[in-house]
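Structure, as structure tokens:
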Amino acid sequence: MRFARLALAFDPDASGQTLIIGADGAEDLSLFDPERTLIVESLAHNHHALAQRGFRVATAPEGAFDTVLVTLPRARDAARARIALGAAHLAPEGAMWLDGQKTDGIESVIKEIRSLAGIAEVHSKAHGKIARVSDPTATPSDWLQDSLSPAPGFITRAGMFSATEPDPGSQLLAAALPERMPTRVVDLGAGWGWLSAQILARPGVQMLHLVEADHAALEAARMNIKDVRAQFHWADARSFRLPDPVNAVVMNPPFHSGRDADPGLGAAFIRAAAGLLTGAGRLWMVANRHLPYEADLSSYFGEVTEIGGDNRFKLLMATGARSRKPR
């Protein structure tokens, strides 16, 4: 969608070595030469898709670049951190561009940057804006934030899901788990590891697989959980598989894609969970009360039970997994 906006700003022959911070794996990036472009992308599915298209992809940049394109996320602190990161890797006399959708707050970011570092030019297209920063060296370096502490013994960074405190839904789910857990467990969409830590605190667990698409969140989980039973997987939970089935999956699936509610994400997590479990294995999950996941659960599991919750969340348990929907 933003290709039309990028085309207004970029001359492919004059961009030199280019750094792009944040990119969708399926978007049109034909303006950029893969041999002269490094894309920093933390989400596993986008990262792998971009690599398959021939781009150099990393989870952190190295070196200096003639052009830096910063894709702005919704979270303000995360956007600031990306801007500071881009400025830190910009070559002298290089050009830094900020790109984002209006619904993700690009206009407020441009206003703030204009007061700090100046804006040389702005282009509006496709429900968003792209702006060139006049003096990227004036970007506050302290926007590259230190770690946050959402709970004793845990660290996170700005922009991660529930970065400042454990998610209320995860707290409800943790309290509802059985006193003794099955031996082989998957935390599907583990984030920075708080729920995984609660699982490991219960007797019975011999192995826990933490599956998380956000590389930064998974790295935080590695720092938060020092337990030999934990295995960490940087992967898209929706397509994650293991060589052998497990006997428990625990998850608090996302239900937003950008600003828009997308219940299909949770449905994809449910399908993945069914594919990971033995027939006698159990799925425990939490969901916002208004989301109609019972139908999806019934499509992939023989037994579905609501085991608790409150006015915001419902706690669901399912067993009798079948990896395909019945006809």
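The values are calculated or read from the model by the stated rules, or taken from the named source; none is laboratory data. In this text, all values refer to a predicted model and were calculated from it rather than measured experimentally. Heads up, the Cβs are rebuilt from the backbone with ideal geometry, glycines too, and the neighbour counts pull from every protein chain shown. Quick note on the areas: whole protein, heavy atoms, side chains included, nothing else; ligands and nucleic acids left out. Shrake-Rupley method; radii C 1.70, N 1.55, O 1.52, S 1.80 Å.
Summary table below
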item: Equivalent ellipsoid dimensions for the chain as semi-axes, Å, which come from the Cα gyration tensor, largest first; result: 40, 20, 18
item: Full-stretch length increase - Q231, D146 - with 0.36 nm per residue and alpha-carbon distance subtracted; result: 28.0 nm
item: Hits among lysines - C-alpha to C-alpha of K111 under 25 Å, sequence gap 8 or more where chains match; result: K102, K125, K129
item: For the chain: accessible area per residue (Å², 1.4 Å); result: 46 Å²
item: Choice from A44, A151, A79 showing the highest fluctuation, given a GNM over the chain with Cα pairs closer than 10 Å; result: A151
item: Spin-label pair D24/H290, simplified geometry with 7 Å Cα→Cβ offset, distance in nm; result: 2.4 nm
item: Amide H partners (placed H, <5 Å) of V246, local residues excluded; result: L277, T278
item: Globularity ratio of region 274-327, using Cα Rg and 2.2 N^0.38 Å; result: 1.11
item: Proximal lysines to K314, defined as alpha-carbon separation beneath 28 angstrom and excluding residues fewer than eight positions away on the same chain; result: K325
item: GNM top mover of D310, D28, D104 - the chain, alpha-carbon springs below 10 Å; result: D310
item: The chain - charge dipole about Cα centre, Lys and Arg +1 at Cβ, Asp and Glu -1, debye rounded to 20; result: 1020 debye
item: 3J(HN,Hα) from dihedral phi, region 180-186, Karplus parametrisation 6.51/-1.76/1.60, rounded to Hz, x for glycine, proline; result: 10, 8, x, 6, 10, 10, 10
item: Percent accessible area from carbon and sulfur atoms, region 133-244, protein chains only, probe 1.4 Å; result: 51 percent
item: Amide H contacts under 5 Å for I119, placed H, 5+ residues apart; result: S134
item: Geometric extent, Cα atoms of region 44-92 - Rg, Dmax (angstrom); result: 12.1, 33
item: GNM result for the chain, Cα springs below 10 Å: residue of A295, A230, A51 fluctuating most strongly; result: A295
item: Potential lengthening between M1 and S298 on full extension [0.36 nm per residue; Cα-Cα distance subtracted]; result: 103.3 nm
item: Integer Hz, Karplus 6.51/-1.76/1.60 couplings in order for region 316-321, x for Gly and Pro; result: 10, 10, 9, 8, x, 5
item: Tail beyond 26 Å, pair distance distribution of region 198-320 (Cα, percent); result: 20 percent
item: Compactness relative to 2.2 N^0.38 Å, alpha carbon Rg of region 4-147; result: 0.96
item: Considering only the chain, percent of DSSP beta bridges that pair antiparallel, nearest 5; result: 45 percent
item: Cβ charges +1 (Lys, Arg) and -1 (Asp, Glu), total dipole of region 1-144, debye; result: 460 debye
item: Dipole-positive endmost among A176, A213, T18 within the chain (Cβ charges, Cα centre); result: A176
item: Solvent-free Debye scattering, log10 I(q)/I(0), computed from the Cα coordinates of region 159-268 at q = 0.10, 0.11 Å⁻¹; result: -0.26, -0.32
item: Region 39-96, accessible surface, carbon-and-sulfur percent (1.4 angstrom probe); result: 49 percent
item: Whole-Hz couplings from phi, Karplus 6.51/-1.76/1.60, listed for region 30-47; x for Gly and Pro; result: 5, 5, 10, 6, x, 6, 10, 10, 10, 10, 9, 9, 8, 7, 4, 5, 5, 4
item: Scattering curve values for region 59-211, log₁₀ I(q)/I(0), Debye with Cα scatterers, q = 0.14, 0.15, 0.16 Å⁻¹; result: -0.77, -0.82, -0.88
item: Using a Förster distance of 25 Å, the FRET efficiency for T137-L8 (Cβ separation, nearest 0.05); result: 0.50
